[in-house]
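J.: Following this message is one structure expressed as structure tokens.
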Amino acid sequence: MAQKPSIPKGTRDFSPEEVAKRNYIFNTIQSQFKRFGFQPIETPSFENSSTLMGKYGDEGDRLIFKILNSGDFLKKADAKALENNDSTRLTSSISEKALRYDLTVPFARYVVQHQNEIDFPFKRYQIQPVWRADRPQKGRFREFFQCDADVVGSKSLWQEVEFVQLYDSVFSKLGLEGVTIKINNRKVLSGFAEVIGEQDKLIDFTVALDKLDKIGEEGVKKEMREKGISEEALHKIQPIFNLKGNFAEKIEGLKSILKGSEIGQQGIEELQFIENAIKEMPLNTAKLDLDVTLARGLNYYTGAIYEVAAPEDVKMGSIGGGGRYDDLTGIFGLKDMSGIGISFGLDRIYLVLEELGLFPATVTQNTKVLFINFGEKEALYAMKTVKELRAKNITAELYPDSVKMGKQMKYADKRDIPYTVLAGEEEMNSQKFTLKHMKSGEQSNLDLNELMEALK
């Protein structure tokens, strides 16, 4: 009995149309990366396990796909670990390599390994797939692409400004107007914890605050209380929940809230620098907004934090994010290498463009003209012309088999090929071609030059 074909859970096949649309997004993002001076790198699909393990926390380590050693992998297995069912120790003895979990840690490894060949500050972009042994669900896959851009080796706030402009440039080119680039600063969040006297509960405090738009003010306060944050602290931080207005107005509100925190004031100065620069160089279609509840990536972000929201009329999570980190390469021994990076959420951007009908019609166009096959001699005559058209960058092909014309026409129609060419004995004798427009049914008798002009 034949095996029923299937693919692993959390992976996907992509149709020609889907690949064309994804490539349109890839190419748009890549063109802007290049325009902003970022250089491409690629890293292997799998890394040494020691490179990846221990970099993402216990939960992340569990989600890393391990690769079994080649050959008889049990021969070198840790016998004691096997006997005691100790999967952690056993894994390290039977698996030396693993599929990459993200592009960030391999990038850090790349920078340290190639530090003597790199000119700093180093601006890199990377568009490659990553793998996570996550539980598959809607919008969450085990294999997906990441589109990252980073700068390492510079603490200049102009990099923060440039990433705001990069986001705006990419989404403007995609025709996705009205996105909101939300920005916050880790130092502001640290300042909040300082003024309420709860520095040791910074992560608990900010994780709860980050849920404000989902569970509301009372829900956030309830979670903070459960984490041991006092009523007095909640009273001190109440003004955060009332912070409204435009960017400048929120900055003024922050100055009042954080007047007793030096690190908080530093964060405000950095945010104000970015806002002042963007005022002088207005964005094309995006909006820059200060969101003091934004707290993603607190385990490694040390300065600016970004998150990009789709236009308000689209119900979608973030479609991009990133931030400033001060010691990414420290995990591999290269200290004090400050950097900043952002990422684009390809799959969510795809869904937003699809929902809003923003993919250009030309994206999925493939063959422009199909030559009908009437037999061996006619096929040779057609193929010579196909070669000439391709040389002029006109996508053309010959139907490979000499079958009934109705079947060939139906094939062109199903593939949405706009033109067909009929070149039978009569056309061959007159060195001409009959061009048929598939939608209107109109036909024209043309020589080669006229055919090329009509198909341009």
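The values are calculated or read from the model by the stated rules, or taken from the named source; none is laboratory data. Source: prediction; values computed, not measured. With ideal geometry, Cβ positions are generated from the backbone for all residues, glycine too; neighbour counts draw on all protein chains shown. For accessibility, only protein heavy atoms count, side chains too; no ligands or nucleic acids. Shrake-Rupley method; radii C 1.70, N 1.55, O 1.52, S 1.80 Å.
J.: Somewhere in segment 13-23, is a residue over 30 Å from residue 367 (Cα atoms), free of Cβ contacts under 8 Å to residues at least 40 places away in the same chain, more than 17 Å from the chain's Cα centre (by Cα) and open to solvent by 70 Å² or more (accessible area, probe 1.4 Å)?
T.: No - not one qualifying residue is present in segment 13-23.
J.: Would it be correct to say that residue 42 is surrounded by fewer than 18 Cβ atoms within 10 Å (Cβ to Cβ), closer than 24 Å to residue 149 by Cβ, acidic (Asp, Glu) and touching a residue at least 60 places away in the same chain (Cβ under 8 Å)? It would help to see each step written out before you state the result.
T.: Details: surrounded by fewer than 18 Cβ atoms within 10 Å (Cβ to Cβ): yes; closer than 24 Å to residue 149 by Cβ: yes; acidic (Asp, Glu): yes; touching a residue at least 60 places away in the same chain (Cβ under 8 Å): yes.
Judged against the criteria, residue 42 is a match.
J.: Moving to a separate point now. Checking the structure you have, find out if any residue of segment 193-207 is hydrophobic (A, V, I, L, M, F, W, C) and open to solvent by 40 Å² or more (accessible area, probe 1.4 Å). Give the derivation first.
T.: So in segment 193-207, the residues hydrophobic (A, V, I, L, M, F, W, C) come out as 193, 195-196, 202-203, 205, 207.
Now restrict to residues that are open to solvent by 40 Å² or more (accessible area, probe 1.4 Å): 203, 207.
Yes, there is a match, as at least one residue in segment 193-207 is hydrophobic (A, V, I, L, M, F, W, C) and open to solvent by 40 Å² or more (accessible area, probe 1.4 Å).
J.: Let me ask something else about it. Kindly list the number of the only condition in (1) open to solvent by 30 Å² or more (accessible area, probe 1.4 Å); (2) out of contact with any helix residue (DSSP H, G or I) (no Cβ under 8 Å at 6 or more places or on another chain) that fails for residue 103.
T.: (1)
Residue-wise test of (1) closer than 18 Å to residue 185 by Cα; (2) buried (at least 16 other Cβ atoms within 10 Å of the Cβ); (3) among the β-branched types (Val, Ile, Thr).
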| residue | (1), (2), (3) |
| --- | --- |
| 214 | no, no, no |
| 224 | no, yes, no |
| 235 | no, no, no |
| 239 | yes, no, no |
| 250 | yes, yes, no |
| 255 | yes, no, no |
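J.: Which numbered condition in (1) open to solvent by 40 Å² or more (accessible area, probe 1.4 Å); (2) in a helix (DSSP H, G or I); (3) under 30 Å from residue 340 (Cα atoms); (4) without any contact (Cβ under 8 Å) to a residue 60 or more places away in the chain is the only one that residue 54 fails?
T.: Every condition holds for residue 54 apart from (2).
J.: Next question. Suppose we filter segment 226-253 for residues that are within 21 Å of residue 267 (Cα to Cα) and in a loop (DSSP other than H, G, I, E, B); how many remain?
T.: Total meeting the criteria: 5.
J.: Restricting the first residue to segment 223-242 and requiring it to be on the phi > 0 side of the Ramachandran plot, which pairs with a second residue that is assigned to a helix (DSSP H, G or I) and of a type in the set (Lys, Arg) meet a Cβ separation below 9 Å and a spacing of at least six or different chains?
T.: 228/201
J.: If you go through segment 346-400 one residue at a time, how many are open to solvent by less than 10 Å² (accessible area, probe 1.4 Å) and within 30 Å of residue 177 (Cβ to Cβ)?
T.: 4
J.: Name the residues in segment 336-354 that are within 18 Å of the chain's Cα centre (by Cα) and either farther than 19 Å from residue 173 by Cβ or of a type in the set (Asp, Glu) (or both), would you? Break it down stepwise before answering.
T.: Of all residues in segment 336-354, those within 18 Å of the chain's Cα centre (by Cα) come to 340-354.
Once the filter is applied, which keeps residues that are within 18 Å of the chain's Cα centre (by Cα) and either farther than 19 Å from residue 173 by Cβ or of a type in the set (Asp, Glu) (or both), segment 336-354 yields 340, 341, 347, 354.
J.: Same structure again: Of all residues in segment 67-98, which are open to solvent by less than 40 Å² (accessible area, probe 1.4 Å) and within 30 Å of residue 151 (Cβ to Cβ)?
T.: 98
J.: So in segment 372-389, with the set limited to residues that are farther than 19 Å from residue 437 by Cα and not hydrophobic (A, V, I, L, M, F, W, C), which one is farthest from the chain's Cα centre (by Cα)?
T.: 377
J.: Among the residues of segment 257-277, count how many are open to solvent by less than 60 Å² (accessible area, probe 1.4 Å) and out of contact with any helix residue (DSSP H, G or I) (no Cβ under 6 Å at 6 or more places or on another chain).
T.: 3
J.: Same structure again: If you take the residues of segment 57-78 that are more than 19 Å from residue 141 (Cβ to Cβ) and assigned to a helix (DSSP H, G or I), which of them is farthest from the chain's Cα centre (by Cα)?
T.: 75
J.: Quickly run through segment 401-414 and pick out the residues that are open to solvent by less than 70 Å² (accessible area, probe 1.4 Å) and touching a residue at least 40 places away in the same chain (Cβ under 8 Å). Talk me through it step by step, then tell me what you get.
T.: First, pick out the residues of segment 401-414 that are open to solvent by less than 70 Å² (accessible area, probe 1.4 Å): 403, 406, 408-409, 412.
Selection gives 412 alone.
J.: With the checklist (1) in contact (Cβ under 8 Å) with a residue 60 or more places away in the chain; (2) buried (at least 20 other Cβ atoms within 10 Å of the Cβ) in hand, flag the one item residue 325 doesn't pass.
T.: (1) is the only condition that residue 325 fails.
J.: Considering (1) within 14 Å of residue 180 (Cα to Cα); (2) without any contact (Cβ under 8 Å) to a residue 60 or more places away in the chain; (3) open to solvent by 20 Å² or more (accessible area, probe 1.4 Å); (4) in contact with a strand residue (DSSP E or B) (Cβ under 7 Å, 6 or more places away or on another chain), say which one residue 300 fails and leave the rest.
T.: It fails just one condition, (1).
J.: Report whether or not residue 434 is open to solvent by less than 30 Å² (accessible area, probe 1.4 Å), assigned to a loop (DSSP other than H, G, I, E, B) and in contact with a Ser or Thr (Cβ under 8 Å, 6 or more places away or on another chain).
T.: On the way: open to solvent by less than 30 Å² (accessible area, probe 1.4 Å): yes; assigned to a loop (DSSP other than H, G, I, E, B): no; in contact with a Ser or Thr (Cβ under 8 Å, 6 or more places away or on another chain): yes.
Taking the combined requirement at face value, the residue does not satisfy it.
J.: Can you confirm whether residue 21 is under 17 Å from residue 101 (Cα atoms) and touching a helix residue (DSSP H, G or I) at 6+ places or on another chain (Cβ under 7 Å)? Full working, then the answer.
T.: Details: under 17 Å from residue 101 (Cα atoms): no; touching a helix residue (DSSP H, G or I) at 6+ places or on another chain (Cβ under 7 Å): yes.
So residue 21 fails the test.
J.: Now, a different point. Hey, could you check segment 345-365 for residues that are of a type outside the set (Val, Ile, Thr) and in contact with a helix residue (DSSP H, G or I) (Cβ under 7 Å, 6 or more places away or on another chain) and say which is farthest from residue 431 (Cα to Cα)? It would help to see each step written out before you state the result.
T.: Just the residues of segment 345-365 that are of a type outside the set (Val, Ile, Thr), to begin with: 345-348, 350-351, 353-361, 365.
This time we only want the ones that are in contact with a helix residue (DSSP H, G or I) (Cβ under 7 Å, 6 or more places away or on another chain), so: 346, 350, 359.
On the way: 346: 49, 350: 46, 359: 39 Å.
Here the residue is 346.
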